[in-house]
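Here the structure is laid out as C-alpha cells; the discussion comes afterwards.
Throughout, read-outs are computed from the coordinates displayed, never taken from laboratory work. Bear in mind the structure is a predicted one, so any value in this text is a computation, not a measurement. Backbone-built Cβ (ideal geometry, glycine too); neighbour counts: all protein chains shown.
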Amino acid sequence: MNLSDHYKSVGPWLNGSGPESDIIVSSRVRLARNIAGFLFLSSASQSQKKEIFEYIQNQIQSTKLNDDIWMMNINELGEVEKQILTERHLISRQLADGNNESGAAITHDETLSLMINEEDHLRIQAMSSGLQLHETYKKIVEIDNILEEKLPFSFSPQYGYLTACPTNVGTGIRVSVMLHLPALKISEQMDKVLRSAKDLGLAVRGLYGEGSEPVGDFYQLSNQVTLGKCENKIIDELIELAINPMIEYERRARQKLLEKKSVVLDDKIHRACGILSNARMISSDETLYMLSYIRLGIYLGRIQHISLETTNKLLLLTQPAHLQFLCQKNLTPNQRDEYRAELIREHINTH
C-alpha cells in the first residue's frame, strides 16, 4: 500500500453511511497504551525511543494484523505525506510534527491506525461513519486483545492502564464524534450548546482535534475523564448526556429554519453553490464553510445535483497537502487557492 493508491478516495469512516450521519459525521475510539519495562517518552532518550519503536513495530508485524496494514516510519516521510495522513485523521498533528523515533500502522480501508511514540508508546485508533461508538469500541477491543498477546501493557491493579497524561489513566480511552452543526450556528445557538458540553466535562475541538479551532461548522466532541469508569459507561454517558441532545437540538434548529427562515436557509445553501461553482480562488477555511452549507442542503433535500459522495470527497481533496500531492509539486498559498477552486469547479459542475 502507498499513498498514491488512496489519495483520491475517501475512507469508509467518511462515506455518510452510518446512523445519524446527517449530523454525526464519524465516530472514533482511541486507546492509550504504554509498554511495561520502558520509560515514558518524556523521560526516554532518543536511543530508548528508537528501541521502543522497533520493539512495538516488530511485535505488530508478528500478529495477524500485519496482512492488512501499511507500516511506516514517520521520519522517513516527506512533510506533504505526513500532512496528508493528518488531514485524513490517520495520525495526529503531534505525531507528524514530533522529532521522536515514531511510526504508524494503517489498515488499507483506513478505519484503523496505530500510532507509535506519539504521547504514549502506542495509541490505537478506530473510526466509523455516523454514530457507531459501541460498534467501534467492540472493534478496537479485538485489536487491543491481539496486541496485548504480544505487548506487555503497563497496568496497575489500583489505577488501570498507566499513561503519559494523567487524564488518560484508567481505561486509557478517548471517545469522540465529529459533529456537523450548521443550523445551530445559523440560529446563533452554538455558544450555548458548547457551554453545556464543557459544563459536562467534555472537550470540544475543531476538525483536527486538540489545538484546532472549529471551522465550517464541524466540531469534535470527546470525553476527558477515563479514571473510575468502565469503557461502556463512558460511551453511554457521552451518547445520553451530550450526543443525543445535540442531535435533537440540531434537528430542531433545521426544522425551525425550514419553517420560519427558509429564504435565509436557501440563500446560504445556493450562495454556497454559486461560489463553489464559479470561484477562481478560494481558501481552505472558506471551502469548509461552503461545503458545510452544501452538505446541509443535500440532507434537507434543497440540493439535487450534488452528491454527498462528492461533498465528502472535496472535504479531503481540498486540504493543502492533498492539493500539493495531486499537483506533485509545492504550491504557494495563492496557487493552492487557485487550484482548489479549479478542482471544486470540476467536481461540482460535473457530478
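For segment 234-309, the share of alpha carbon pairs falling in successive 10 Å distance bins from zero is 17, 39, 29, 14, 2 percent.
With Kirkwood's inverse mean 1/r over C-alpha pairs for Rh, give me the Rg to Rh ratio of segment 122-262, two decimals please. Each step should come with its number before you reach the end.
Working: Rg = 17.2 Å, Rh = 16.6 Å.
Ratio of gyration radius to Kirkwood radius: 1.03.
Debye-formula intensities of segment 9-145, expressed as log10 I(q)/I(0) at q = 0.12, 0.17, 0.20 Å⁻¹, are -0.47, -0.92, -1.21 (one equal scatterer per alpha-carbon, no solvent).
Based on the reciprocal of the average 1/r between different C-alpha atoms, the Kirkwood radius for the chain equals 21.2 Å. The fewest-to-most ranking of 174, 205, 280 by surrounding Cβ atoms within 10 Å reads 280, 205, 174. Sites listed here are trypsin sites (Lys or Arg not before Pro) in segment 282-351 whose DSSP assignment is loop and whose Cβ has at most 12 other Cβ atoms within 10 Å: 329.
Each Cα pair under 8 Å and six or more residues apart adds its sequence gap; the mean of these over the residue count of segment 1-148 is a relative contact order of 39 percent.
Segment 32-72 and segment 73-115 have Cα centres spaced 14 Å apart. For the chain, the relative contact order works out to 20 percent when only alpha carbon pairs closer than 8 Å and six or more residues apart are counted.
Just subtract the alpha-carbon distance of residue 155 and residue 71 from 0.36 nm times their residue separation and send over the number in nm, one decimal. Don't skip to the answer; put the middle values down first.
Working: separation 84, 0.36 × 84 = 30.24 nm, distance 2.62 nm.
Here the segment from residue 155 to residue 71 would lengthen by 27.6 nm.
Model label points for residue 277 and residue 54, set 7 angstrom from Cα along the Cα-to-Cβ axis, are 5.9 nm apart. Along each principal axis, taking the top coordinate minus the bottom one, the Cα set of segment 262-350 gives 43, 21, 19 Å in descending order. Over all other residues within a Cβ to Cβ distance under 13 Å of residue 247, the charged ones net out to -2, with Lys and Arg as +1 and Asp and Glu as -1.
Counting GluC sites (Glu not before Pro) as exposed when in a DSSP loop with at most 16 other beta carbons within 10 Å, what is the longest stretch of the chain free of them? Walk me through the intermediate numbers first.
Values: sites that count: 149, 188, 210.
So the longest stretch without any such site is 1-148.
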